[in-house]
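Working notes for the structure below.
The values are calculated or read from the model by the stated rules, or taken from the named source; none is laboratory data. A quick note: this is a predicted structure, and the numbers were derived from the prediction, not measured. Cβ coordinates were reconstructed from backbone atoms using ideal geometry, including for glycine residues, and neighbour counts include every protein chain displayed. Remember, those area values only see protein heavy atoms, side chains included, never the ligands or the DNA or RNA. Shrake-Rupley method; radii C 1.70, N 1.55, O 1.52, S 1.80 Å.
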Amino acid sequence: MSSVQVFEKLAEYRYEQIVFCQDKATGLRAIVAIHDTTLGPALGGCRMYPYASEEAAIVDVLRLARGMTYKAAASGLNLGGGKSVIIGDPEQDKSEELMRSFGRYVETLGGRYIVAEDVGTSTEDMEHIRIETSHVVGIDVTHGGSGDPGPFTALGVMHGMRACVEEVFGSPSLEGRIVAVQGLGHVGWHLCELLHEEGASLIVSDLREEVVERAIREFGAKPVEPDEILTIPCDILAPCALGAVVNDGSLASFRCSIIAGSANNVLLEARHGEALTKRGILYAPDYVINAGGLINVADELEGYNQTRVTKRVARIYDSMRTIIAISKRDGVPTNVAADTLALERIDAISSIERLHTGHPYGLERRRRETL
Ligand code: NAD
């Protein structure tokens, strides 16, 4: 990709900034992309991956940064969207020096970008970054970090499900609803716990037999083979393992009323949202209902408080209700309605942007200072 194409790409989706970082001494080659800071500083994970080319890294970081703008906006967070990538193999190329070198670059951005964990990076890496910059979240609990995001992601998924169930069955209660959960990992397991407490009947599947056995014992779950879970008759299908489960091949075989899970990129392509609507299946957009983890980690910026997180995650129910309302108002599928919700919020705030004081954190502060 030539530099001219990079600028074209930035202009196409209104990216604010892209930063290339290199440090010969540590071998650091990293890219930070800041998509939009209308709502607040850009928060997003740092992915470490052995990209086949620089172009592949640029394309990935831009795509991921933009996704974070929508996710934060639709979740009601006062944060913008950004992401970073370090080009390299996390197994072989990672070192304290490398992460600290990257942390120094994050520091130069003065808080416009806040880094977090992602694929290929860990809490330990965030600790190394933290030596060089305070603009980092996802740090160890002993330093005020927020810990495993899985339970909060699961909580958000459950609240999103409640909004969907209310729309489809007339009551937000999950009691007696049949939920098929694909994947019993960090999110799926906690989701089963919550659904079991709510009185739902569970059908589960995982590649790990021991965790399936445990779900049978603890939740009275009905196990099915991994190739059966997507087609089993149920009220709600909750994909909590893999992306792209909704595709041309699977579309006709779903036997559920609602699809609501934690997996990222549940739809192979955006057009599959429309296809689900045509099939009469209500889809809870992934980036909206799986935002509990982001809400949890972002809370570190205010001094981590679990009670506040629990309240904020519960608002995913409201976001999902709004998305359903926009979907009906505009006659669009819910995945499009989610983007509309995010963009409407950004547009509303950017209309006061002319009075912006330049402080990266502050909608509240901006409002106070402009009264
Ligand atoms: P995880 O790796 O802890 O769990 C995934 C589980 O799915 C594992 O138990 C695995 O054995 C199982 N699995 C894999 N392939 C399967 C298959 N074909 N059929 C059935 N089970 C299968 O991951 P996680 O942290 O629980 O995340 C689950 C999904 O949610 C991922 O797509 C992730 O990107 C997304 N997500 C997670 C979080 C979070 O807070 N952890 C936040 C947002 C999105």
TODO: Among the residues of the stretch 156-193, write down those that are assigned to a helix (DSSP H, G or I), more than 10 Å from the ligand (Cβ to nearest atom) and either of a type in the set (Lys, Arg) or over 18 Å from residue 319 (Cβ atoms) (or both).
DONE: 162, 169, 192, 193
Open item on the list: Let me confirm something: among 342, 325, 314, 275, which residue is open to solvent by less than 20 Å² (accessible area, probe 1.4 Å) and at pLDDT 95 or above?
Closed with: 342
Task: residue 185 vs. criteria closer than 24 Å to residue 94 by Cβ, in contact with a helix residue (DSSP H, G or I) (Cβ under 9 Å, 6 or more places away or on another chain) and at pLDDT below 95 - done: no
TODO: Note down all Cβ pairs under 8 Å where the first residue falls in the stretch 215-241 and is assigned to a strand (DSSP E or B), the second is among the aromatic types (Phe, Trp, Tyr) and open to solvent by less than 20 Å² (accessible area, probe 1.4 Å), and they're at least six residues apart or on different chains.
DONE: 237/254
Open item on the list: Any residue at all in the stretch 125-139 that's open to solvent by 50 Å² or more (accessible area, probe 1.4 Å), closer than 25 Å to residue 190 by Cα, more than 16 Å from the ligand (Cβ to nearest atom) and part of a helix (DSSP H, G or I)?
Closed with: no
TODO: Exactly one condition in (1) of a type outside the set (D, E, K, R); (2) assigned to a helix (DSSP H, G or I); (3) open to solvent by 10 Å² or more (accessible area, probe 1.4 Å) is not met by residue 98; state its number.
DONE: (3)
TODO: Select from the stretch 172-216 the residues that are of a type in the set (Gly, Ala, Ser), open to solvent by 20 Å² or more (accessible area, probe 1.4 Å) and either farther than 19 Å from residue 149 by Cβ or in contact with a Leu (Cβ under 7 Å, 6 or more places away or on another chain) (or both) and list them in ascending order.
DONE: 173, 176, 199, 201
Task: Sole exception among (1) away from the ligand (no atom under 11 Å from the Cβ); (2) farther than 21 Å from residue 243 by Cβ for residue 212, by number - done: (1)
